[in-house]
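The values are calculated or read from the model by the stated rules, or taken from the named source; none is laboratory data. Because the structure is predicted, anything quoted here is derived from the model rather than measured. A quick note on method: Cβ atoms are made from the backbone with ideal geometry, for glycine too, and the neighbour counts reach across all protein chains shown. For accessibility, only protein heavy atoms count, side chains too; no ligands or nucleic acids. Shrake-Rupley method; radii C 1.70, N 1.55, O 1.52, S 1.80 Å.
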Amino acid sequence: MFELIAIVIVTLYVLQTILYVVATYRKFPKLSDDNLPRASVVVAVRDEEKVITRCLEALDKLEFPDGKLEIIIINDRSTDRTGELIKEFIEGKARFKFVEGRESTSHLRGKSNALVQGLAVATGEVILTTDADCKVNPLWAKTMVSYFTKEIGLCGGMTSQETGNPFKGMQHLDFMYLLGAGSGTVNAGIPLSVIGNNMAYSRAAYNETGGYENMPFSVTEDSQLLAAISDLKKYKIIYPLDKDALIESLPVEGFSQLYKQKKRWAIGGLKVPLHGVAVLVTAFLAHLFSVVSLPFYPVLGISLIVSIIFVDFIFLFSVVFRLKLTGTIKYFPFFELYYFSYVILFPFILLFSKSVEWKGRKF
């Protein structure tokens with residue numbers, strides 16, 4: 001009976017991964033440059049003095065029709081020189097707006113509180129978000145906004161990570177896998193996740209949800225907004241795999257930071273809809289059963305592990321190939337070992353601890 005259950009679960013995992021591959025190939029209509037609506041880039045930052053200039057320099061190079069783009073930077077009560085560096089950089093640059101973040105007077109905390117304050121001054125019909133540790137490419141805003149035909153409520157974008165060694169490379173492929181799965185589920189009509197460092201949404205759809213003020217607090221406000229717009233059942237949500245919308249973020253520097261990042265995402269993932277729970281449970285059980293099989297049924301265990309690794313490779317290669325990042329597939333063995341480990345271990349970790357630390361704050 002154990003062998004049959006293990007085979008069925010791994011088969012389900014393989015099939016859902018194939019679904020991701022197919023769904024990421026969906027194409028969507030785009031607006032011409034002349035028809036792009038007005039847009040606002042909103043970036044909430046806290047204690048980012050080491051990276052904020054890199055972010056601002058990239059944002060300053062964005063290509064967009066004259067007079068239709070504004071860039072709003074919210075300093076979320078930083079305790080370092082972040083605010084000073086922002087003010088120095090944007091002086092004399094008409095597209096930039098600076099917002100000094102205030103302490104929340106509502107249930108909002110952390111990043112969602114800062115975003116609400118930035119959105120209060122935003123005038124764009126489309127809102128784009130990214131993070132201080134990200135470097136956008138010049139075509140990013142124009143590409144993301146071009147997908148906002150009348151019926152689109154939210155659009156996800158792909159984020160890679162700087163590579164150079166196995167530790168950075170496995171984080172990069174982890175992003176490619178998770179965001180590729182996000183693209184696959186969204187484009188298959190079962191939206192599961194997006195990432196706030198590369199996301200865009202229509203202001204109309206956001207307003208109809210009631211905004212973050214109308215949502216319960218979450219450490220993953222991006223996925224919460226995705227769910228809220230999906231629940232409206234009025235707008236389409238898309239996640240194109242478009243290299244012109246690709247941005248690059250910085251990997252975390254050590255395992256301690258990586259653990260905190262993954263834990264924050266995992267806790268946010270506890271609030272996914274039912275179809276999301278099914279996807280996560282399938283991944284967990286497939287990896288768990290394949291590893292547990294090894295000492296008792298070695299041939300079966302090896303077969304199951306090889307099946308998982310093979311379909312993961314096909315999926316990741318299909319993603320990095322279309323994003324022109326095939327050179328990073330050399331980090332696949334490191335990613336796969338890491339992925340097996342955290343998929344199996346994190347559900348057990350969350351049984352005992354659900355606290356989150358982010359930017360010096362605990363939630």
Keeping every protein chain in place, order His107, His172 by accessible area at 1.4 Å, biggest value first, i.e. largest first.
-> His107, His172
Taking placed amide H atoms and a strict 5 Å upper bound, the residues 5 or more places from Ile152 or on another chain that come that close are Lys236
Here the relative contact order (percent) of the chain, from C-alpha pairs under 8 Å and at least 6 apart, is 22
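Evaluate 2.2 N^0.38 Å with N set to the residue count of region 165-255, then give the Cα radius of gyration divided by it.
On the way: Rg = 14.6 Å, N = 91, 2.2 N^0.38 = 12.2 Å.
In units of the globular-protein estimate, region 165-255 measures up at 1.20.
Could you work out what % of the accessible surface of the chain is carbon and sulfur, using a 1.4 angstrom probe and leaving DNA, RNA and ligands out of the count? Present the calculation step by step, with values, prior to reporting the outcome.
Numbers: 9920 of 16070 Å².
C and S fraction of accessible area: 62 percent.
Between Lys243 and Leu345, what length comes free when the chain is fully extended (0.36 nm per residue of separation minus the Cα-Cα distance, one decimal in nm)? Don't jump to the answer; show the numbers that get you there.
Numbers: separation 102, 0.36 × 102 = 36.72 nm, distance 3.28 nm.
Full extension of this stretch gives 33.4 nm more.
Would you kindly work out the equivalent ellipsoid of the chain from its C-alpha gyration tensor and give its semi-axes, the square roots of five times the eigenvalues, largest first in whole Å?
Details: eigenvalues 244, 96, 79 Å².
Result for the chain: semi-axes of 35, 22, 20 Å.
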Would you please give the residues with an amide H less than 5 Å from that of Arg38, counting only those at least 5 places away or on a separate chain, with H modeled from the backbone geometry?
-> Glu125
Positive-end residue of Leu85, Leu56, Ser104, charge dipole of region 32-111 with Cβ unit charges = Ser104
HN-Hα J in Hz across region 114-127 - Karplus 6.51, -1.76, 1.60, θ = phi - 60°, x for Gly and Pro = 5, 4, 4, 5, x, 5, 5, 10, 6, 10, x, 6, 10, 9
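Suppose every K and R has +1 on its Cβ and every D and E has -1 on its Cβ; what is the size of the dipole of the chain about the Cα centre, in Debye to the nearest 20? Could you put the intermediate results ahead of the total?
Values: 39 positive and 36 negative charges, 78 e Å.
Dipole magnitude for the chain comes out near 380 debye.
Could you give the length gained by full extension between Tyr259 and Glu162, i.e. 0.36 nm per residue of separation minus their alpha carbon distance, to one decimal place?
On the way: separation 97, 0.36 × 97 = 34.92 nm, distance 1.84 nm.
Going from the current span to full extension adds 33.1 nm.
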Taking the reciprocal of mean 1/r across every pair of different Cα atoms in region 1-118, the Kirkwood radius in Å is 18.0
What is the Cα radius of gyration of region 66-140 over 2.2 N^0.38 Å, N being its residue count?
-> 1.14
Ordered by packing density, taken as the mean number of other Cβ atoms within 10 Å over each peptide's residues, highest first, how do 224-230, 316-322, 91-97 rank?
-> 224-230, 316-322, 91-97
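Using 0.36 nm per residue, how much length does the chain from Ser32 to Val292 gain when fully extended, once their Cα-Cα distance is taken away?
Numbers: separation 260, 0.36 × 260 = 93.60 nm, distance 5.33 nm.
Between Ser32 and Val292, full extension yields 88.3 nm more.
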